[in-house]
Structure formats: C-alpha cells, structure tokens
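A short worksheet on the structure shown next.
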Amino acid sequence: MPRAEFRRSIRIVLGGARLTRRGITFLALGVGVGIAGFALGIPILLYVSSFALALPIVAVIFVRTRESTLSVSRRFSFPVVEAGNTTAVTLRVDNESKRATAPVRWRDALPWRPWVTDNGWLPRLTVKSRLASDRSAAQLSYALTPTKRGVFEIGPLVVETTDPFELAWGAWNVGSVTSLVVTPRVAQLATTALIAQSGDGEARVVQRRSSGDDDDAMTREYRRGDAMRRVHWKASARHGSLMVRQEEQHSYPEARIIVDTRLEGYPDASRATVLRAVGDSGLSPSHSVRFEWVVAMLASAAVQLRREGFLVQIIETGQSQLTDAATLHRRSSAEQELLTRLAALTPIESPADWWGEPSSRSFARGPVIALVANPEPATVDFLLSQSTSTVLAVVFVVEPSSGFGDRERFGAAKRPPLAEELRAAGWKVISVQSFDDVADVWNLYVTESRVARERS
C-alpha cells in the first residue's frame, strides 16, 4: 500500500466523527420503536423513537463542534537515533482558537505498528492572553523506540473526544509530521589482526621518517613564523642554529568495502509489495531482509575498521547514495555522517557498470570486503577485478532463507556458481543468512585476518 493511501486510511479511521456502539444501539432502537409505534398505532412509541433517533444525531453535532484550532511543535531528544535505542518526544500544543478547549485524549501517529502511541490526556487550554496564569499551551511527552532503520515521519497528533453520553466519538489530526532519522544498529565487533597494535589509540598510524639520527628526522631549520614552543633545543645546540620539530607525516592503512546496492541483486525485494498490502510493515517498496543484513554489516564493519586506524572507502555498485560520506577517515564525526546516510540507503535501479573505472586512489595495500546477495553478472565481473593476491579479500554472500533458492542467475546458465567464481579469483567466500548475528559472522572474518597475517 503506497504511503499516501496509508495516510488516507489513517484519516478515514481516525478523522471526523462517528457513532459509538452505544450510539448505533440508540439509532437502531429508535428505528425499531418507530416502526412498531407506526404499525400498532401507539403515539407514545413514536415520541420515544424520535427521542432515541435525536440523541445520536445531537451527539455527532456536539462532537463536531468540539474541534479546536491547535498548533503543535514536536521535538526529539535525539533527532538521529540508532535502531533499538529510545528517544524522548516532546510536543508543545498551543490553543490558537478564540475559545477554551475541553480536556481531550491525544495520540501521536506512527509509521509502524500499532500506528499510534498510547492514549494520553490533553488538559483544558484557555484562550491566549498575556497574563501570568495563561494556560493556553500544554507540553506532552512520550518515549519512542524505533526497531528498524530509516527516515520516518512521526505525526500528526490525533486528538479524540466524545459526548457526555459516549454516543459519538470524534478525532482530528493536528499539526504536521516531523522526520526522525533512525540509523542502523552498530554491533560490537572483535578486533581484526590486520595491523599491528600501537599506542596511538583509536587511529593507529604509520610514521614515515628518513634515515639518520632521530633528532634530525624530527627537526628542521627555524623559519619565520614558527612557534617557539616547537623549538628543539637539543638539536639547536648541536647544529648551532634554531631547529624546530617538524610535523610527523602520517599515512593510514586502507580498506575497501564493496556493497551491492542494485535492486536486481536482491530477489526478495520484489515480495515487499505483497507484505505492505497486508499491512506487515511501513517500509519502502524496495525493502529486503537480505539487504538489511548487508547494511547492518556495512555499518558495523566500517566503524570497526575506522577505529582500528583504517581509511575506509565504501564502493557502491549502484549510483552513489552515500556521496561524500563514502570515505571514512580519522574524524570521529565521519562515523555519524556515514550512519545518517545509511539510514536512507536502499536498493535502487541503476545502469549496469555505471561506476566506470576504479578510483584513482590506490587501495591495493588494504583488505577488501564485499557484501552481496545475488549479484548480477556485471557486478560479479566488477568484484573479480577488485581482488588481488596481495591483500585479504573476503565476500559475504547473504543466501536466501527459503528452500527454493534464488532464481537462475540472470540466465547465465554457463557461468560457474557464484562462490566458485569468486574463490577462483582469490576471494574468501563466507555464506550467511539474513537472520545471522553480525558479530558472530564477523568472527569468521577475524579468523581469516589472522591467517592472512601469519602468511605475511
């Protein structure tokens, strides 16, 4: 069901005024008594019928007139939250009408089941004034714990009211929606054995120094404008002139993560439309459980490798959705930039081999990780071109969870199976399921990294 139709169905169910079961009972009773009074010729029954029919109608009119003009502003304690974490939602409701409102119930609309929050009471709001005792606004709050990544629209606020006899019930939407960015969950992964331990902390570096005395390698002649705190007095005394400490040149070990983002590589994405039709989820039509596992591993692996000191380059097989966040460097803020972009990452239709030539930057010295499900031939050929015998190249293949397997690989009946083709090119192939724990699967990669280190 498209999002517009979903919103429309919410408004049909929640919006406007309708009779309650009690109101429908009164309506049916009025009709029945009226027919009996007319058939039996008893005037008193006609009076009772008129009264029973009038009550529900008056109740509906009463509920409709209770609708007030309210404005709503919504704020999150964490506008960007990791899936599974909780953010506090604070709403400020202002009375914009020229009459006071009665206490009513409220609920906030959600884009996932159960579609709305629990009921709460909105207190009576007075007309806006400049008095200190002005209570024309109220602050509401609740906790929200999204379980899946994505960019979701929270709201609008749904206000509900009934008549004193509860014969009619009415609800109307107040305010607009507010976007909430839910990033993928980052799992705690084990440390790899790809680089040596060092004392530089989170970002380990390789320092390049010229041959000769250590002091000579660390210093240069004083230049006008150099800070005096950088003067190296020992080297200055030996050279007979001022010498200053030069900045150390750092180079970072490099790693590549290739992720298949082409819609053709995820056969289970085509079944998402059926799932949405029965209201199973509010996700995009291209939702795929195998792709969700790929994104979860991508987020966790990229963060782990960056914290180990790698300069991480993420290569998408579809047209780039990560753009400038595809390179993860030493700045810790780069992690948040990447995770925020991953919240909206989705399988897309993209021309084959759009990526063209590989990046001009050489990543031949670092490990290569590929994340795929059922890649098409052009994507497989690209993977074959990225593996080298001098680096650790591991591909995670997310297998189908059903026993039927994937369809024939794009009619390429003469091509060898995917795993054999990749192994022949030097890739280490790790087959996983979409329900496998990311941290457990990563331990297999750690084992491969130890083997690669022992051989080097």
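The values are calculated or read from the model by the stated rules, or taken from the named source; none is laboratory data. Owing to the predicted nature of the structure, the values given are computational and were not obtained by experimental measurement. Every residue, glycine among them, receives a Cβ derived from its backbone with ideal geometry; neighbour counts consider all protein chains shown. To get the accessible areas, we keep the full protein, side chains included, count just its heavy atoms, and leave off ligands, DNA and RNA. Shrake-Rupley method; radii C 1.70, N 1.55, O 1.52, S 1.80 Å.
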_Solvent-accessible ranking of R22, R74, R135, largest area first, probe 1.4 Å_ = R135, R22, R74
*How big is the accessible area of W106 in square angstrom, nearest 10, if you roll a 1.4 angstrom probe over the protein chains?*
20 Å²
*How much accessible area per residue does region 5-123 have, in Å², with a 1.4 Å probe?*
59 Å²
*Quick one: what are the phi-derived ³J(HN,Hα) couplings along region 22-29, Karplus 6.51/-1.76/1.60 with θ = phi - 60°, whole Hz, x for glycine and proline?*
5, x, 5, 4, 4, 5, 5, 5
*Ignoring ligands, DNA and RNA, how do F78, F396 rank by accessible area with a 1.4 Å probe, largest first?*
F78, F396
*What's the extension gain from K128 to S385 if we count 0.36 nm per residue and subtract their Cα-Cα distance?*
85.7 nm
*asked:* I'd like the accessible area for K428: 1.4 Å probe, protein heavy atoms, all chains in place, Å² to the nearest 10.
replied: 80 Å²
_Can you give me the long-range amide H partners of K428? Hydrogens built in the peptide plane at 1.01 Å from N, cutoff under 5 Å, separation of 5 or more residues or another chain._
A393, V394, V395
*Protein-only accessible surface order, largest first, of E264, E420 at 1.4 Å*: E420, E264
*Which of the listed residues, F165, G120, L144, is farthest toward the dipole's positive end in region 120-185, when Lys, Arg count +1 and Asp, Glu count -1 at the beta-carbon?*
L144
*Normalised by the number of residues in region 31-111, what is the relative contact order in percent for Cα pairs under 8 Å and 6+ residues apart?*
22 percent
*Heavy atoms of T147: accessible area, 1.4 Å probe, square angstrom to 10*: 110 Å²
